[in-house]
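The values are calculated or read from the model by the stated rules, or taken from the named source; none is laboratory data. Note that the coordinates shown come from a computational prediction; the quantities given were computed from them, not determined experimentally. Here Cβ is always computed from backbone atoms with ideal geometry, including for glycine, and neighbour counts include all displayed protein chains. Heads up: the accessible areas ignore ligands, DNA and RNA and are worked out on the full protein's heavy atoms, side chains in. Shrake-Rupley method; radii C 1.70, N 1.55, O 1.52, S 1.80 Å.
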Amino acid sequence: MAEEQYVNMLIDVLNKQIAALNEMLDATKEQERLALEEDFDADAFDDTLSRKDLLLIRLNELDDGFSSMYNRARKEIKSNTSKYKKEIELMQGLIRQCTDLGNEIRTLENRNRDRLADCFTGKKKEYTAKQAAATVANKYSVTMKNVNVMNEGYRFNQDK
């Protein structure tokens, strides 16, 4: 009887994993949207990273729980496959969904990584250009101060 409960709990854990993976997919899509925006919002991106960190912790806990329960029920399930046929098929379908969601997330993550690299390269160029402009403005200011000092010295010598 306990093994039947484990089988139902396994199905429940897989459903929870699918829900967490869907949340992860949503957060990854949000990151994609943020990466494509003209003005990159670092705070919003940080928020999605925090959400994903929590989801990863949750997914790892669910995965550990699934493995633990499966190890307890494995012998019963394998020895009575006909008894658990519907549950096994359901679990196989849920596992396929988890795998498909994981692959979709991984693909989107790779695209986002490339987009973010481009975005950060552009931001670095903007920063470098602003830094160069500030340096030029500073040198101009110093030069103009020196010209004023030279002009005052020239006027002083002219007045004598």
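Taking other residues whose beta carbon is less than 9 angstrom from the beta carbon of Glu32, and scoring Lys, Arg as +1 and Asp, Glu as -1, yields +3. For region 1-100, the spherically averaged projection of the C-alpha convex hull amounts to 6.7 nm². Cross-link partners of Lys83 among aspartates and glutamates, defined as those whose alpha carbon lies under 16 angstrom from its own and excluding same-chain residues fewer than eight positions apart: Glu3, Glu4. Taken over the Cα atoms of region 49-115, the convex hull encloses 83 Å³ per residue. Rounded to the nearest percent, how much of the accessible area of region 39-115 (1.4 Å probe, protein heavy atoms only) is carbon and sulfur? Reported share for carbon and sulfur atoms: 48 percent.
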